[in-house]
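Chemist: What follows is a structure written as C-alpha cells; I'll ask about it next.
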Amino acid sequence: MTPILHALLAPFRYVRNDDGSYTVLRLLDKTSVSVIVPEEVTEIAPNAFDGASKLKKIYLPATLKRVGASAFFGCKALKEIHLGDLLSYITIDFDGPSASPGTFASRFYYKGELITHFTVPEGTTRIKPFTFTGMACLESLTIPEGVTAIGADAFANCGIRSLHLPDSCTSIGSYAFSGNTALSSVCLPQGLSEIPDGLFSSCHALKEISLPKSVVTIGSSAFSYAGLCEITLPDGVKRIGESAFRQCTALEKVTFPSALSYLDDYAFYQCEALKEVKLPDSVTYVGHYAFAYCTALTTLHFPKSKATIGKNTVLECPSLTECILPNALYTSGTLYALKPYRENMGNYRLSEDESAYLAKLPLAEQIALFSLTLLRVSLRDGEECGRMQIKRRLNEEDNCRILIVKEGIIVGVGYNTVDLLCGIDTVTYDAEENNGSGTKGLEEIATLQVKIPARGER
C-alpha cells in the first residue's frame with residue numbers, strides 16, 4: 001500500500017479484498033464534514049456512514065461497484081456528492097434507498113460542475129434501482145432506444161421537467177419517477193401494460209398525460225398527489241389500484257373505460273375537484289373510501305350490475321345530489337352494518353298506515369310526505385334481499401337525522417342518505433350545536449336523490 005493510499009484510507013475501517021481492491025466498512029470519525037473515498041475502493045459496506053450527522057460533502061471513486069443497505073443512513077447534513085466518473089456511476093448496485101447518497105443529498109457534481117443533464121449511454125439496456133434517487137439538480141434526461149428496463153426509484157425525487165421513454169422500455173419499477181415536482185410533460189412507451197405503483201406520485205406539475213392503449217392496470221398510488229386536471233383511461237384498463245389517484249386535488253374529470261372491473265380502496269380519495277363519476281357496468285368492486293372526501297362530487301353512478309361496494313365509499317361528500325346504486329349490492333365491511341342509535345329504537349316499528357303506504361310506492365320513486373321522505377332500495381342480506389330503506393326527517397329534539405329501516409324495523413341511524421354508503425354505526429345531529437358549522441341544514445338534507453333501477457330494468 002502506498003503512503004498516499006494509506007493516508008486516504010486512514011479515516012475508515014476497511015478490509016482488503018482478494019483482488020486487491022478495498023471495502024470501506026465504517027467511517028471512524030463521525031464528526032467529519034468532508035470525506036474522500038479513494039479510487040481503490042470498490043464497495044461501501046452497509047451502515048458505513050451511519051450516524052455521520054455532520055458530513056456535508058463526499059467524493060465517490062470511479063471504481064465503486066456496490067453500496068450496502070443504509071450506508072448513508074443518518075447523514076442529515078449531506079449536501080454534495082462528487083463523482084469520479086459519471087458513466088461508471090450508473091453501474092453501481094445500491095442495496096436500497098438509504099444506500100443511495102441522493103436520498104440525503106440533492107446536488108451532484110462531476111468534474112466540479114453541477115449535473116443538470118444526463119444522457120444514458122448507447123448500449124445500456126437497464127438502469128438500476130435507486131441510481132439517480134434524489135438528484136434534484138437533474139433537470140433533463142435522454143434515454144435512448146434499447147433501454148428495456150428502469151429500476152425502482154431510479155429517478156425518484158429528481159428535477160426532471162420533461163420525460164420521453166423509448167418504446168423499447170417495457171419494464172418500469174415502482175416509484176421510478178415519483179417526486180419529480182417539476183415534471184410537466186411525459187411520453188410513455190407504446191406496449192406498456194402497467195402503470196407501476198407510485199410511478200408519478202407527487203409529480204405536482206403533471207397536469208395531463210396520455211396513457212398507451214396497451215395499459216391494463218393502474219398501480220397503487222400511481223398518480224397520487226399528482227397535479228392532473230383530467231385523464232382518460234384506455235379502453236383496456238381493468239384495474240385501478242389502491243390510492244391510484246389519491247389526493248389529486250385538481251382532478252376534475254375522469255373518463256372510465258368500458259372494461260374496468262376493479263376499483264381499489266382509496267382510488268380517488270380526496271379528489272376535491274372531481275364533480276361527476278359514472279362507472280361502467282363492467283365494474284364488480286368499488287373499494288373502501290374510494291370517493292371519500294370528494295367534496296365537489298355531485299353525481300355518482302354505480303354500475304347497474306351486481307357489485308360489491310366497500311365501506312365509507314362516499315364519506316364526506318357534501319355536494320352529492322345524485323347517486324344511482326347497483327341493481328344488487330354485495331356489501332363489504334360495515335357498509336350496511338348499521339346499529340340502532342339507542343336501544344329502544346331497535347323495537348320501533350312503522351305505523352300500519354305508513355307500512356301500507358310504503359307498499360304502494362314504485363321501486364325507484366322518492367317522495368316527500370309531510371316530514372317523511374321515503375326510499376326503497378335492494379339490499380343483500382345473506383341470500384335474502386330486503387326491500388326497504390327509509391330516510392326519515394325527524395324533529396330536532398330526536399337528536400338524529402335519519403332512520404334506516406328494514407322490513408319496518410329501524411336498524412340504524414344516519415346523517416343523510418349518503419350514509420347508506422358510508423358504513424357508519426351512529427350519527428347524532430344537534431341543530432343548535434351544528435348551526436353555521438358547515439353541516440348540511442335541515443332543508444338541504446332533503447335534496448339528495450338516490451335512484452334504484454326500476455324492476456323492469458333488472
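The values are calculated or read from the model by the stated rules, or taken from the named source; none is laboratory data. Just so you know, these numbers come straight off a predicted model, no measurement behind them. Heads up, the Cβs are rebuilt from the backbone with ideal geometry, glycines too, and the neighbour counts pull from every protein chain shown.
Chemist: Considering (1) farther than 22 Å from Lys304 by Cα; (2) touching a strand residue (DSSP E or B) at 6+ places or on another chain (Cβ under 6 Å), say which one Ile240 fails and leave the rest.
Modeler: Result: Ile240 fails condition (1) only.
Chemist: Look through the stretch 189-223, keep the residues that are of a type in the set (A, V, I, L, M) and closer than 20 Å to Lys253 by Cβ, and return whichever of them is surrounded by the fewest Cβ atoms within 10 Å (Cβ to Cβ).
Modeler: The residue in question is Ala205.
Chemist: List the number of the failed condition for Thr308; all other conditions in (1) surrounded by fewer than 21 Cβ atoms within 10 Å (Cβ to Cβ); (2) out of contact with any strand residue (DSSP E or B) (no Cβ under 8 Å at 6 or more places or on another chain) hold.
Modeler: (2)
Chemist: Which one of these does Gly51 not meet: (1) touching a residue at least 24 places away in the same chain (Cβ under 8 Å); (2) in contact with a Gly (Cβ under 6 Å, 6 or more places away or on another chain)?
Modeler: With respect to (1) touching a residue at least 24 places away in the same chain (Cβ under 8 Å); (2) in contact with a Gly (Cβ under 6 Å, 6 or more places away or on another chain), Gly51 is out only on (1).
Chemist: Given Val254, Val277, which one is under 22 Å from Ser178 (Cα atoms), in contact with a strand residue (DSSP E or B) (Cβ under 8 Å, 6 or more places away or on another chain) and assigned by TED's automatic domain parsing to the domain that holds Lys311?
Modeler: After ruling out the rest, the residue left standing is Val254.
Chemist: While we're looking at this one, here's another question. Can you confirm whether Tyr266 is over 12 Å from the mean Cα position of the chain (by Cα), within 23 Å of Asp281 (Cα to Cα) and free of Cβ contacts under 8 Å to residues at least 40 places away in the same chain?
Modeler: Taking the combined requirement at face value, the residue does not satisfy it.
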